[in-house]
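The structure appears right after this line, and notes come after that.
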Amino acid sequence: MKKVIVTGGLGFIGSNLIGSLLKKKYKVLNIDKKSYASNFYNTKDYEKNNNYEFFNCDLINSRKISKKILSFKPNIIFNLAAETHVDRSIDSPDIFIKSNIVGTFNLLEAFRKFNERSKKSKLIHVSTDEVYGDVLKSRSKETSPYKPSSPYAASKASSDHLVYSYFRTFNLPIIISNCSNNYGPKQHPEKLIPKLIYNLIHNKNLPIYGKGKNSREWLFVEDHCHALVLISQKGKAGNFYNIGSNKNLTNIEISKKLLKIAKSKFKTTSRIKFVKDRPGHDYRYALNSKKIYKELGWFPKTNFNTGINITFDWYLNNLSYYKKFSKNEIVLRQGLKK
């Protein structure tokens, strides 16, 4: 039986990935520091699974993380532990430096020590398309330059460079993935889609930055998880893999789609409301994912219309999920320069 560590497994992508791994009968250790974005609601269906274990640990604690890796002896480590919300990185960039850079460094050091004992393990570092910055035309390849615009994106870019340096310098079996915007069940309502769904359910207006023309490439979280598992099985050490859907939508298009779905399910008085734009807001992200298509045979299976309906229904059927957060966490705006 394969033994797998998922860092950040109480979060959105991490908890969905754990579900995919448990279906494959992997033994999974979830390492999470229980931050504001962590939610035990996300893993409640796994708690009685004999192949699932939770370990509370911040990657800043180098001694504790190293000891746990040495004792668990994983075949694979998926590193998804990160601060991810751009708006929060504008308010408190120091937290992102500590978690995303120093935390990643500690994990790398722990993995390096473990690798000296076991040469059969590998580490998959999960990153983002935001490291490439604005892509006004075409799509970012794995060889495209990094031009991060926010403290969040810069911290992830830094961690990517650090991870790759450990492959080159120490010859560690490491792979880096860069995914596009994920959506789906279990996402924190500070993010666009679950925030808008919450507002629709509660008859609140839909706040959209600027004129709503900012474009993002949207990937259903389950498809992303399948890609990560495939990379862990067939990916080549030292390689970068973009994971995207090739499907871009503007924020205004997303809002209109959600508004249409809501009106088909219940009465809502919600309306789109444009608000002051985010500082340094990138206009467009877009990935060229031909490498993973060609080399590993991965393709996204969920079209956006199907995925967004699955997502809406999940939140509608899990209203208690929203109760895990204070109202201010959901509705208050962050990332406004003072």
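Lys294 passes all but one of (1) touching a Lys or Arg at 6+ places or on another chain (Cβ under 8 Å); (2) free of Cβ contacts under 8 Å to residues at least 12 places away in the same chain; (3) not acidic (Asp, Glu); which number fails?
(1)
Could you identify the single residue in His224, His188 that is in a helix (DSSP H, G or I), buried (at least 20 other Cβ atoms within 10 Å of the Cβ), in contact (Cβ under 8 Å) with a residue 12 or more places away in the chain and not hydroxyl-bearing (Ser, Thr, Tyr)? Let's see the steps before the verdict.
On the way: His188 fails: in a helix (DSSP H, G or I).
Result: His224 is the single residue among His224, His188 that is in a helix (DSSP H, G or I), buried (at least 20 other Cβ atoms within 10 Å of the Cβ), in contact (Cβ under 8 Å) with a residue 12 or more places away in the chain and not hydroxyl-bearing (Ser, Thr, Tyr).
Let's see how each residue does on (1) of a type in the set (Val, Ile, Thr); (2) at negative phi:
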| residue | (1), (2) |
| --- | --- |
| Gly184 | no, no |
| Lys191 | no, yes |
| Pro194 | no, yes |
| Tyr198 | no, yes |
| Ile201 | yes, yes |
| Asn205 | no, yes |
| Lys211 | no, yes |
| Glu217 | no, yes |
| His224 | no, yes |
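If you check Thr143, Thr169, which single one turns out to be among the β-branched types (Val, Ile, Thr) and assigned to a loop (DSSP other than H, G, I, E, B)? So that I can check it myself, show each step before the final result.
On the way: Thr169 fails: assigned to a loop (DSSP other than H, G, I, E, B).
Being among the β-branched types (Val, Ile, Thr) and assigned to a loop (DSSP other than H, G, I, E, B) holds for just one of Thr143, Thr169, which is Thr143.
Would you mind stating whether Val126 is β-branched (Val, Ile, Thr), in contact with an Asp or Glu (Cβ under 7 Å, 6 or more places away or on another chain) and closer than 26 Å to Gly280 by Cα? Break it down into steps so the answer makes sense when it comes.
On the way: β-branched (Val, Ile, Thr): yes; in contact with an Asp or Glu (Cβ under 7 Å, 6 or more places away or on another chain): no; closer than 26 Å to Gly280 by Cα: yes.
Taking the combined requirement at face value, the residue does not satisfy it.
Give me the pairs, please: first residue somewhere in segment 169-183 and more than 18 Å from Lys291 (Cα to Cα), second residue anywhere and of a type in the set (Gly, Ala, Ser) and modelled with pLDDT of 95 or more, beta-carbon distance under 8 Å, and either six or more positions apart or on two chains.
Qualifying pairs under 8 Å: Leu172/Ala237; Pro173/Ser121; Pro173/Ala237; Tyr183/Gly307.
Kindly indicate whether Lys267 is surrounded by fewer than 17 Cβ atoms within 10 Å (Cβ to Cβ) and modelled with pLDDT under 95. Before the answer, list the steps.
Numbers: surrounded by fewer than 17 Cβ atoms within 10 Å (Cβ to Cβ): yes; modelled with pLDDT under 95: yes.
Considered against the rule, which asks whether it is surrounded by fewer than 17 Cβ atoms within 10 Å (Cβ to Cβ) and modelled with pLDDT under 95, Lys267 comes out as yes.
Would segment 285-306 turn up any residue that is within 13 Å of Tyr183 (Cβ to Cβ) and among the hydroxyl-bearing types (Ser, Thr, Tyr)? Even if it seems obvious, please write down each step before you answer.
Taking segment 285-306 and keeping what is within 13 Å of Tyr183 (Cβ to Cβ), we get 300, 302-306.
Remaining after also requiring among the hydroxyl-bearing types (Ser, Thr, Tyr): 302, 306.
Yes.
Closer than 19 Å to Cys179 by Cβ, in a loop (DSSP other than H, G, I, E, B) and touching a residue at least 40 places away in the same chain (Cβ under 8 Å), is that true of Gly19?
No: the conditions fail for Gly19.
Please verify whether Ser255 is in contact (Cβ under 8 Å) with a residue 40 or more places away in the chain, more than 30 Å from Leu123 (Cβ to Cβ) and hydroxyl-bearing (Ser, Thr, Tyr), treating the condition exactly as stated. Don't jump to the end; show me each part of the working.
Working: in contact (Cβ under 8 Å) with a residue 40 or more places away in the chain: yes; more than 30 Å from Leu123 (Cβ to Cβ): yes; hydroxyl-bearing (Ser, Thr, Tyr): yes.
Yes; evaluated as a whole, the condition is true for this residue.
Just name the residue that is farthest from Asn317 (Cα to Cα) out of those in segment 141-200 that are among the basic types (Lys, Arg) and touching a Ser or Thr at 6+ places or on another chain (Cβ under 6 Å).
Pass one, segment 141-200, residues among the basic types (Lys, Arg): 141, 147, 156, 168, 186, 191, 195.
Applying the additional criterion that residues be touching a Ser or Thr at 6+ places or on another chain (Cβ under 6 Å) yields 156, 186.
Working: Lys156: 33, Lys186: 12 Å.
That would be Lys156.
If I ask for residues that are in contact (Cβ under 8 Å) with a residue 12 or more places away in the chain and assigned to a loop (DSSP other than H, G, I, E, B), which ones from segment 198-218 would you list?
Let us first name the residues in segment 198-218 that are in contact (Cβ under 8 Å) with a residue 12 or more places away in the chain, namely 198-201, 203-218.
Result: Asn203, Lys204, Asn205, Gly210, Lys211, Gly212, Lys213, Asn214.
Can you tell me which condition Ala262 does not meet? The list is (1) on the phi < 0 side of the Ramachandran plot; (2) under 22 Å from the mean Cα position of the chain (by Cα); (3) buried (at least 16 other Cβ atoms within 10 Å of the Cβ), and all the others hold.
All conditions pass for Ala262, except number (2).
Look through Ile13, Ile69 and report the one residue that is surrounded by 18 or more Cβ atoms within 10 Å (Cβ to Cβ) and touching a Phe, Trp or Tyr at 6+ places or on another chain (Cβ under 6 Å). Don't jump to the end; show me each part of the working.
Values: Ile13 fails: touching a Phe, Trp or Tyr at 6+ places or on another chain (Cβ under 6 Å).
After ruling out the rest, the residue left standing is Ile69.
Of all residues in segment 261-273, how many are assigned to a helix (DSSP H, G or I) and either touching a residue at least 12 places away in the same chain (Cβ under 8 Å) or within 11 Å of Phe312 (Cα to Cα) (or both)? Explain how you work it out, then say what you get.
First, pick out the residues of segment 261-273 that are assigned to a helix (DSSP H, G or I): 261-265.
Imposing the further condition that a residue be either touching a residue at least 12 places away in the same chain (Cβ under 8 Å) or within 11 Å of Phe312 (Cα to Cα) (or both) reduces the set to 261-262, 265.
Number of matching residues: 3.
In this structure, does Ala154 turn out to be under 16 Å from the mean Cα position of the chain (by Cα), closer than 26 Å to Ser15 by Cα and either among the small types (Gly, Ala, Ser) or modelled with pLDDT under 95 (or both)?
For Ala154, the condition - under 16 Å from the mean Cα position of the chain (by Cα), closer than 26 Å to Ser15 by Cα and either among the small types (Gly, Ala, Ser) or modelled with pLDDT under 95 (or both) - is met.
Those residues that are modelled with pLDDT under 95 and of a type in the set (Ser, Thr, Tyr), I need them from segment 93-127; list them, please. Let's see the steps before the verdict.
If we filter segment 93-127 for residues that are modelled with pLDDT under 95, which is where we start, we get 116-120.
If the condition is that a residue be modelled with pLDDT under 95 and of a type in the set (Ser, Thr, Tyr), then Ser118 is the only one that fits.
Output the number of residues of segment 227-259 satisfying the condition of being touching a Pro at 6+ places or on another chain (Cβ under 9 Å) and surrounded by fewer than 18 Cβ atoms within 10 Å (Cβ to Cβ). It would help to see each step written out before you state the result.
We begin by selecting, within segment 227-259, every residue touching a Pro at 6+ places or on another chain (Cβ under 9 Å); these are 227, 237-238, 243-247.
Next cut, surrounded by fewer than 18 Cβ atoms within 10 Å (Cβ to Cβ) only: 237-238, 246-247.
Total meeting the criteria: 4.
Of all the residues that make up segment 34-66, how many are surrounded by fewer than 18 Cβ atoms within 10 Å (Cβ to Cβ) and either in contact with a His (Cβ under 9 Å, 6 or more places away or on another chain) or basic (Lys, Arg) (or both)?
6
The values are calculated or read from the model by the stated rules, or taken from the named source; none is laboratory data. This is a predicted model, so every value here is computed, not measured. Neighbour counts are summed over all protein chains in view; Cβ atoms, including those assigned to glycine, are modelled from backbone coordinates with ideal geometry.
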